[in-house]
1. Nearest 0.05, what FRET efficiency do Lys104 and Ala218 give at R0 = 25 Å with Cβ-Cβ as r?
2. Please list, ordered by chain and number, the residues whose modelled amide H lies under 5 Å from the amide H of Ala177; skip anything fewer than 5 residues away on the same chain.
3. Using a Förster distance of 30 angstrom, determine the FRET efficiency expected from the C-beta separation of Phe207 and Asp38, and round it to 0.05.
4. Can you compute the modelled spin-label distance between Glu153 and Asp180, with each label point 7 Å from Cα toward Cβ, in nm?
5. Quick one: compute a quarter of the convex hull surface over the Cα atoms of the chain and quote it in nm².
6. Would you mind counting up the charge near Tyr28? Only other residues with Cβ under 15 Å from its Cβ, with Lys and Arg at +1 and Asp and Glu at -1.
7. For each pair in Lys54/Lys210; Lys49/Lys104; Lys49/Lys210; Lys54/Lys104, compute the distance between the two Cα atoms and list the pairs where it is over 32 Å.
8. Accessible surface of Lys54 in the full protein assembly, 1.4 angstrom probe, to the nearest 10 Å²?
Amino acid sequence: MESGDLAEQFAILDLEPNASSEELRAAYLDLVKVWHPDRYQHESARLRKRAEEKLKAINRAYDLIRFGSTAPAATCTGSASPLSVMLFPKDFGGSWGYVNVEGKLAISPRFEAAAPFADGLARIRERAQWGYINLRGEHVIAPEFVNARDFSEGLAAVVFREKWGYIDKSGRYLINALYDDASAFSGGLGAVLWNGRWGYLDRTGSFVIKPRYDEALAFSNGWADVRIGARWGRTNSAGEVFFTDKAGLEA
């Protein structure tokens, strides 16, 4: 591969040409999550088509960088290294499967859709239902959900009929399905939509921060970005909100 072509592939992944294999893998997984067609299933046909094209370009760039003559060398060694057991979803022309870091088939393409592994399990769709598999391709949680999100901190947000709740890795509901939407757990809290407002639950299903926000993002380093009307601010786990314009909101 010519150096100019290789630089173009790195640019598709928003990376510098001297990126490490770990940076390459992280960028690839981030972009797959952003452009996976399942995120756009309720959008226009034009946007769904664009997502499919973007994901194909991302997959191609990732493959070309790994297998090109000037691809970055792997930095992990040993058969038990994290990189050696990492699997990646791949579209095989209508059916999804998983390949390993060397691009070799690891889980046969038999899924309607497949997401990257997260927290040890991967979200897959069969017969229009979502479930979860392990690294051997075995069903850990049978496909029975109409919608689902990735596992995070041992929990995953799922919809069995109409409402969102949270299950553990055995498929048991830890937080009942009561909510109109739900995000992944982060920092011990999960954002849920309740009666038109977002708030945050702990692992017991209790509101730590009552629903009051028009938008609520994941916690990171003890803080989460939230929106009330047109104003964005940051909240801590105590529910104290600090706006960027220094104006306060009584918690």
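The values are calculated or read from the model by the stated rules, or taken from the named source; none is laboratory data. Everything numeric in this text was worked out from a predicted model, so none of it was measured. Positions of Cβ are generated from backbone atoms using ideal geometry, with glycine treated the same way; all protein chains shown enter the neighbour counts. All accessible areas refer to the heavy atoms of the entire protein, side chains included, with ligands and DNA or RNA removed. Shrake-Rupley method; radii C 1.70, N 1.55, O 1.52, S 1.80 Å.
1. Values: r = 33 Å, r/R0 = 1.34.
E(calc), rounded to 0.05, equals 0.15.
2. none
3. Working: r = 29 Å, r/R0 = 0.96.
Once rounded, the FRET efficiency stands at 0.55.
4. Roughly 2.4 nm, to one decimal.
5. Details: hull surface 62.8 nm².
So the mean shadow area of the Cα hull is 15.7 nm².
6. Details: positive: Arg25, Lys33, Lys54, Lys56, Arg60, Arg66, Lys90; negative: Asp14, Glu16, Glu22, Glu23, Asp30, Asp63, Asp91, Glu102.
Every neighbour counted, the sum reads -1.
7. Working: Lys54/Lys210 38 Å; Lys49/Lys104 27 Å; Lys49/Lys210 38 Å; Lys54/Lys104 22 Å.
Pairs exceeding the cut-off: Lys54/Lys210; Lys49/Lys210.
8. Its accessible surface works out to 60 Å², give or take rounding.
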